[in-house]
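The values are calculated or read from the model by the stated rules, or taken from the named source; none is laboratory data. Every value quoted in this text rests on a predicted model; they were computed, and no experiment measured them. We place every Cβ from the backbone using ideal geometry, glycine too, and count neighbours over all the protein chains shown.
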There are 4 protein chains.
Amino acid sequence: MSVRRGTYARHGDTVVPSERQRVFIEAARREFVRNGYGASSIRTIAQEAGVSLSALYYHYKNKQDLLLAILIDGVNAFDAMCDEELSRVGDDPVERLRALVFALVRFRTTCQEQSLMIGTEVRNLEPENAAVYEQRRRSGNELLGSIIEDGVKSGAFTTPYPEDCRRSILAMTTSIANWYDPDGPDTPADIAARYGDLALLLLQPRP
Amino acid sequence: MSVRRGTYARHGDTVVPSERQRVFIEAARREFVRNGYGASSIRTIAQEAGVSLSALYYHYKNKQDLLLAILIDGVNAFDAMCDEELSRVGDDPVERLRALVFALVRFRTTCQEQSLMIGTEVRNLEPENAAVYEQRRRSGNELLGSIIEDGVKSGAFTTPYPEDCRRSILAMTTSIANWYDPDGPDTPADIAARYGDLALLLLQPRP
Amino acid sequence: MSVRRGTYARHGDTVVPSERQRVFIEAARREFVRNGYGASSIRTIAQEAGVSLSALYYHYKNKQDLLLAILIDGVNAFDAMCDEELSRVGDDPVERLRALVFALVRFRTTCQEQSLMIGTEVRNLEPENAAVYEQRRRSGNELLGSIIEDGVKSGAFTTPYPEDCRRSILAMTTSIANWYDPDGPDTPADIAARYGDLALLLLQPRP
Amino acid sequence: MSVRRGTYARHGDTVVPSERQRVFIEAARREFVRNGYGASSIRTIAQEAGVSLSALYYHYKNKQDLLLAILIDGVNAFDAMCDEELSRVGDDPVERLRALVFALVRFRTTCQEQSLMIGTEVRNLEPENAAVYEQRRRSGNELLGSIIEDGVKSGAFTTPYPEDCRRSILAMTTSIANWYDPDGPDTPADIAARYGDLALLLLQPRP
DNA sequence: AATGAATGAGCTTTCATTCAT
DNA sequence: GATGAATGAAAGCTCATTCAT
């Protein structure tokens, strides 16, 4: 039968896309980022991927399925970066916060396209797929909240608005993808350092 | 003889939409926010506005023109709020900063739909219209930059990263439109007060 | 707005198709009779009707709607013939039976295409439309049953199997559409006379 | 080396389908009866048969070939029933007529699906295959005509319209497949007895 | 100021079929 | 015997847009 069985739509668990599927995912992501999901043509995507339209349909049962695959691929990359950065540090909330901000910035700069997809195109997921996606996404995304919460509890952070801080840090790092230029003077590490500082300013660490 | 001549596409200056045009703008905005520009049907918009498709074409020469009208309508609302809030305060950078944040928050909360359109759907403007729009938008949007710059020059703000602060403040207030619930416990003023605090934390005002 | 509002799918009552709609109905009927509903292309139908594909979609909201229109047009023709023939005779069951068989034969011979559609393509109606159609069809189609029933009650027909007779008379007249050749030697009236005799043989009239 | 060589398309003679082929034939028949030939998908058929699409293509060279196989399988069943019933009786036209009607009814009731295919889907045969099929079908189908002819010649049947009788008897028995319900009260034998009576009424046997 | 009718291009999707393995 | 991968053609349908009235 078809590869479609192994699609994310069916099992929620992490399935590594095949080489062919990677080609589709990347072509589609380029298109979706350029035009948005609704205005992107699946014909053009197949063309950009260098195969026939039917071949795409052999691997993904429809446009939605492709969108879901891209988004899940994005959160996988995101999770991987968070895990990697956090594995380098200990339990100190300040250290952990800096590490996470570093991961966020790395993601928004080195995976600019993935980054732009997530959050912009989620609204185009049909309810069923949105559920599948949310479940996958939750785990990775609650990290910031728990780090802040821990820091506040332990007295490391003294901010009176932890929830607003969480949202703000997320928003300000997320928006980096909108202006970051890989050919510009700033390296991801430069930016991460500055945004780490800014994030800590918001959280008002115990002096 | 058609109204189209007076459309934004032709003259860049502010033209107040007629009553009829307001109906179209609002119906279209609802649709664009729901589905995105590319996936929205101009037929559905006409239907929601309660008139015939041809009537819409009498007022706007095409879908693009409608998008441009919506976006300009959005920046007009935005500019009006900024002007209003800033007219209440004097020259002190801290006061001005708070006033502007207040305006930003008011816009993102009370004009949620306009807010979501701006920034999400700009990319769907064709080059010619994008130019028209950018010109209109610039003036209003450079306010934050100049306030920060003034504060830094005068020594009122001591941040070493004024540009990152500007971007961060913009991003964190912008993102409010994504989660704000008019039926929730927080009033726009509540939120504005907190985000004013946060913004000042980033800018590190002289103690 | 569009003509679609007046389509049969919306109101169950008899709406006379416009001139344009007649063209579509006849082109579509030709195609459906030739290939069957499922294998007929709506593109080809539009082509045969001599208009663009979109024009067809302006008048009928989809393939189903067109099918329904054709079928209802068919039962309308059928009903008209039955009414006409029965209006010529009195109350005598034998007379009425002959008149109805005459109407059946006339329909199967002079409206061969309509005839072939009805009964062959009803199965392609989606449930909702099938309901609309059945309701329209019922009235006309129960005539034979009631004539036979009356005759049996009054003793004019002595058959022990009135229900099988009903089905048989229906089947044998229906099948005429399959072989009747308008250029052949038999006139519809010839055939009707013979099938009237046969139908009466089945019903075993009181001698 | 493929089985296709032995397919009906190549030799006209009776080839008994293999066990595997029976599975395909039955799955396909179910689909064809449900949707009609043109609207049935060969993919769905393979799925229902529980094998891969390619496996189906190994056994039948295309959709047409499958249709032909089904139809021929149908006439084979039909012929077998006729032979069986007729072998039980002698030369008397009345006896033979009753036996044949019995066979017709048995076929339409116990092989309902085969019955519905034959006659409904023949029109979908391409000319070449239609020829192959007609040749196979003729023999079995001319039985009724010859029995009636014999009876008329010998004076056993006095009908003035033997050809119309033949068509009527065929039509009325054929239509049984449309309403027969295996779970209903009537057994095939019950129905056959009644339709035998009706058929004889049409033929007007010498008293 | 507004409408109904029409159009051509494009959409997503499914089709029957082939072929290397 | 059987499969996965692929393809070109065509399906039904919707799109933004135009134009005579």
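Of everything in the range C:107-124, what is among the acidic types (Asp, Glu) and part of a helix (DSSP H, G or I)? Give them in sequence order. Hit for the range C:107-124 is C:113, nothing else. I'm trying to understand the selection: among the residues of the range B:175-193, which are within 8 Å of chain A (Cβ to nearest Cβ) and surrounded by fewer than 19 Cβ atoms within 10 Å (Cβ to Cβ)? Matches in the range B:175-193: B:179 only. Tallying residues that are under 20 Å from the mean Cα position of the chain (by Cα) and assigned to a loop (DSSP other than H, G, I, E, B) within the range D:187-207 yields 1. If you go through the range B:89-118 and keep only what is without any contact (Cβ under 8 Å) to a residue 60 or more places away in the chain and either of a type in the set (A, V, I, L, M) or touching a helix residue (DSSP H, G or I) at 6+ places or on another chain (Cβ under 7 Å) (or both), you end up with B:89, B:96, B:99, B:100, B:103, B:107, B:111, B:118. Each residue in the range D:24-62 was checked for being among the β-branched types (Val, Ile, Thr), more than 13 Å from DNA strand F (Cβ to nearest atom) and farther than 19 Å from residue D:125 by Cβ, and 1 pass. Each residue in the range D:46-85 was checked for being within 14 Å of DNA strand E (Cβ to nearest atom) and within 14 Å of chain A (Cβ to nearest Cβ), and 10 pass. Could you give every pair whose Cβ atoms fall below 6 Å, whose first residue belongs to the range B:64-86 and is of a type in the set (Ser, Thr, Tyr), and whose second residue is modelled with pLDDT of 95 or more, counting only separations of at least 6 or pairs across chains? Short answer, once both residue conditions are applied: none.
State whether one or more residues within the range B:105-124 are surrounded by 15 or more Cβ atoms within 10 Å (Cβ to Cβ), within 15 Å of DNA strand F (Cβ to nearest atom) and away from chain C (no Cβ under 14 Å). Yes, because at least one residue in the range B:105-124 is surrounded by 15 or more Cβ atoms within 10 Å (Cβ to Cβ), within 15 Å of DNA strand F (Cβ to nearest atom) and away from chain C (no Cβ under 14 Å).
Tally the residues that are assigned to a helix (DSSP H, G or I), surrounded by 12 or more Cβ atoms within 10 Å (Cβ to Cβ), touching a residue at least 12 places away in the same chain (Cβ under 8 Å) and not aromatic (Phe, Trp, Tyr), restricting the search to the range D:125-140. Total satisfying the criteria: 5. The residues of the range B:40-75 that are buried (at least 16 other Cβ atoms within 10 Å of the Cβ) and small (Gly, Ala, Ser), listed by number, are B:40, B:46, B:49, B:69, B:74.
If you check residue D:159 against the conditions, is it in contact with a helix residue (DSSP H, G or I) (Cβ under 7 Å, 6 or more places away or on another chain) and away from chain C (no Cβ under 14 Å)? The answer is no for residue D:159. With the condition kept exactly as written, say whether any residue in the range B:162-184 is in contact (Cβ under 8 Å) with a residue 12 or more places away in the chain, in contact with a Gly (Cβ under 7 Å, 6 or more places away or on another chain) and of a type in the set (D, E, K, R). Yes, there is a match, as at least one residue in the range B:162-184 is in contact (Cβ under 8 Å) with a residue 12 or more places away in the chain, in contact with a Gly (Cβ under 7 Å, 6 or more places away or on another chain) and of a type in the set (D, E, K, R).
Per-residue answers, yes or no, for (1) of a type in the set (Val, Ile, Thr); (2) within 17 Å of residue C:165 (Cβ to Cβ); (3) not in a helix (DSSP H, G or I):
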residue	(1), (2), (3)
D:145	no, no, no
D:163	no, no, no
D:171	no, yes, no
D:178	no, yes, no
D:185	no, no, yes
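Is it the case that residue B:120 is under 16 Å from the mean Cα position of the chain (by Cα), modelled with pLDDT of 95 or more and among the hydroxyl-bearing types (Ser, Thr, Tyr)? Against the criterion (under 16 Å from the mean Cα position of the chain (by Cα), modelled with pLDDT of 95 or more and among the hydroxyl-bearing types (Ser, Thr, Tyr)), residue B:120 does not qualify.
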